[in-house]
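Worksheet: one structure, shown below.
The values are calculated or read from the model by the stated rules, or taken from the named source; none is laboratory data. From a predicted model like this one, the values you see are computed outputs, not experimental measurements. With ideal geometry, Cβ positions are generated from the backbone for all residues, glycine too; neighbour counts draw on all protein chains shown. Areas reflect the complete protein model, heavy atoms only, side chains present, ligands, DNA and RNA absent. Shrake-Rupley method; radii C 1.70, N 1.55, O 1.52, S 1.80 Å.
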Amino acid sequence: MKIFNSKKDLKDCILEHKRNKKTIGFVPTMGALHRGHLSLIEKAKEKNDIVVISVFVNPTQFDNIEDLNKYPKTLENDIKLLESVATDVLFCPSVEEIYAENIVSKNFNFDGLEHQMEGKFRKGHFDGVGTIVKTLFEIVEPNKAYFGQKDFQQLQVIKKMVKKHHLPVKIKGCPIFREEDGLAMSSRNARLSKEHREIVPFIYKTLKKVNKKFGKENITDINNWVENQFKNQPLLELEYFTIAEEKSLETVKKAASNKKYRAFIAVFAGKIRLIDNIRLKN
Ligand code: AMP
């Protein structure tokens, strides 16, 4: 695996591959890699000649300085994992290499997607995501880029950005990879205390029960039921639960038969904030 810290060196490498008519698949991450990330790399390997992964903890998408400072950094282990799945290229730049002196986001308009859910609770988050992903696309110039449905709102925001800015890249959404007990894999899981780790599978269990209720009970009753479930769970604090239409991400109170819906949730387990979502059967 080739490892680059410099934009220029990476661009030279990509240019060489493009000259040789190779297609580039790209997986942007913030590192502390787990099997969820590796599943994206495997998807990328199936459909592209060369797979590039980036590891960069992007400061402009964090609204919480403690979350940023404590974000797990495990580059040595990440490199071992990436080599185990035969990744071709790793790009792990410094903050200065990406932002120089000016660590700020650009402003984006994602036609309202950015104001739902995560956008309500993490101010400026999607401007930060748009800024870093667009910058990385300009450096890597991938043919295809792979994003997890774990961050479903982010996936929709990126698709919107690509469409609105006419970026020459195809965005591929990949399924959520889970632990055996149902917990969605996340780099932040490593920061959970033992007692929080034991209780957090409750999040996905609740989402699965929501899926059973969807279509049978009205959505207001489902929302109330979820709130009550978490009131009875002293170790977890529900930040939001909402059922939203997949394309607009707008919260709904009544489902239409010709649209697709997901249930989205954000929960604090102590100081660790976890998100998850589930596709609801029609
Ligand atoms: P992150 O390093 O958390 O920024 O994630 C990098 C990419 O991996 C994003 O596209 C995430 O949606 C995706 N990802 C993270 N966790 C999972 C998971 N459990 N299953 C599938 N994709 C994931």
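Key figures for this structure:
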| item | result |
| --- | --- |
| Matching entry among 16, 46, 76 (being under 19 Å from residue 146 (Cα atoms) and outside any loop (DSSP other than H, G, I, E, B)) | 46 |
| Residues of the range 250-282 satisfying the condition of being in a strand (DSSP E or B) and open to solvent by 100 Å² or more (accessible area, probe 1.4 Å) | 279 |
| Pair list, Cβ < 6 Å and 6+ apart or interchain, from the range 231-250 residues that are in contact (Cβ under 8 Å) with a residue 60 or more places away in the chain to residues that are in a strand (DSSP E or B) and open to solvent by 30 Å² or more (accessible area, probe 1.4 Å) | 242/251; 244/251 |
| Residue 181, sole failed condition from (1) touching a Pro at 6+ places or on another chain (Cβ under 7 Å); (2) over 29 Å from residue 23 (Cβ atoms); (3) in the same structural domain as residue 105 (by TED's automatic domain parsing) | (3) |
| Looking only at the range 160-206, and only at residues there that are in contact with a Gly (Cβ under 7 Å, 6 or more places away or on another chain) and not in a helix (DSSP H, G or I), the one that is most open to solvent (accessible area, probe 1.4 Å) | 177 |
| Flag if residue 133 is away from the ligand (no atom under 12 Å from the Cβ) and either in the same structural domain as residue 269 (by TED's automatic domain parsing) or over 22 Å from residue 251 (Cα atoms) (or both) | no |
| Options 119, 130, 112: the member that is among the small types (Gly, Ala, Ser), farther than 30 Å from residue 2 by Cβ and without any contact (Cβ under 8 Å) to a residue 60 or more places away in the chain | 119 |
| Residue list for the range 19-43, filter: of a type in the set (S, T, N, Q) and either open to solvent by 20 Å² or more (accessible area, probe 1.4 Å) or part of a helix (DSSP H, G or I) (or both) | 20, 23, 39 |
| Residues located in the range 96-107, provided they are surrounded by fewer than 19 Cβ atoms within 10 Å (Cβ to Cβ) and within 20 Å of residue 27 (Cβ to Cβ) | 97 |
| Checking residue 226 against (1) touching a strand residue (DSSP E or B) at 6+ places or on another chain (Cβ under 6 Å); (2) open to solvent by 10 Å² or more (accessible area, probe 1.4 Å), the condition it does not meet | (2) |
| Residue identified as within 16 Å of the ligand (Cβ to nearest atom) and either more than 21 Å from residue 172 (Cβ to Cβ) or among the polar types (S, T, N, Q) (or both) among 79, 103, 3, 41 | 79 |
